[in-house]
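The block underneath contains the structure these notes are about, expressed in structure tokens.
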Amino acid sequence: MARKKRNQFDVDEIYRGLRTNIEFSQMDDAIQVINVVSTIPNEGKSTIACNLARIMAAKYKNVLLIDCDLRNASVHKTLQISNRCGLTNIISEFREGVSIHSFEGVQDVQYDGGYPLSVITAGHRVPNPSEVLGSKRLAKFLNQARQEFGYIIIDCPPVAVASDAIPLCNVSDGVLYVVDAKSSDKRKVKAAINDVERNGGHVMGVVLNKVESASDSNYGYGYGYGYGGEDNGKKKKKKRTLIAVVAVCVVLLAGTFGISAAYISKNKDSLTNVLERRNIKQQ
């Protein structure tokens, strides 16, 4: 039991670090709507979006989580809530000036020690997800949501699977890009990020997910870089997480608990450094 509690604490600390990165990235421009995307499915973006929203709601009022992955909805499964009515149902009925809170598809999830987290699941399946996500009605819906919520976290579709995520990136303030350290293809990741930015999206940071660590004690903060723990200065033959970036960086190591590194960077070359140093596969 004690181990489980400690692991949960470690996980929460990692997401608090990610939250802090987002807060510090607002020095020049306010960030209210955040898209969480990945290159392909199963890289952990939905889990990260849900946990980021949960940690945001632990500190801030009026946090909204939206599942916009209409082809493969999973937020309702992760949070164990109903998907009977969600985003697609709300969009079909939405009119300008109508409060988001008035719709049946908005559910409140309460966690210990925080404010209620408002959640909009994907809702009923539709035959045309790209048209729904790129519609003027959705853009107006998000404009209304901006007036009612302080932070809006959007679980977006994978970039390389369909074009669904591109219009969402255009109406957000920033994109968090999730990279699977074990299986992501470096070239596909770079091509997908370039595609997002070429279409008007602002990739404000990368979350390196599923990084292996040699021990539970490997936990560190770094400005510019961070790495795994040492044993009284003695070198050990073990895997290390080394992330070199030029801009402001916080590195959080958490073994097998999920996110292993998160940073906000305005330097495009930093992504290349991360991918190369983590030996993410190339084809």
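The values are calculated or read from the model by the stated rules, or taken from the named source; none is laboratory data. On a predicted model such as this, the values are computed, not experimentally measured, just so you know. Neighbour counts run over all protein chains shown; Cβ positions are idealised from the backbone, glycine included.
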Residues of region 167-198 satisfying the condition of being within 21 Å of residue 134 (Cβ to Cβ), at pLDDT below 90 and buried (at least 17 other Cβ atoms within 10 Å of the Cβ): 169
Yes/no for residue 122 being small (Gly, Ala, Ser), at pLDDT 95 or above and in contact with an Asp or Glu (Cβ under 6 Å, 6 or more places away or on another chain): yes
Taking region 120-143 as the search range and keeping residues that are in a loop (DSSP other than H, G, I, E, B) and not hydrophobic (A, V, I, L, M, F, W, C), which one is nearest to the chain's Cα centre (by Cα)? 121
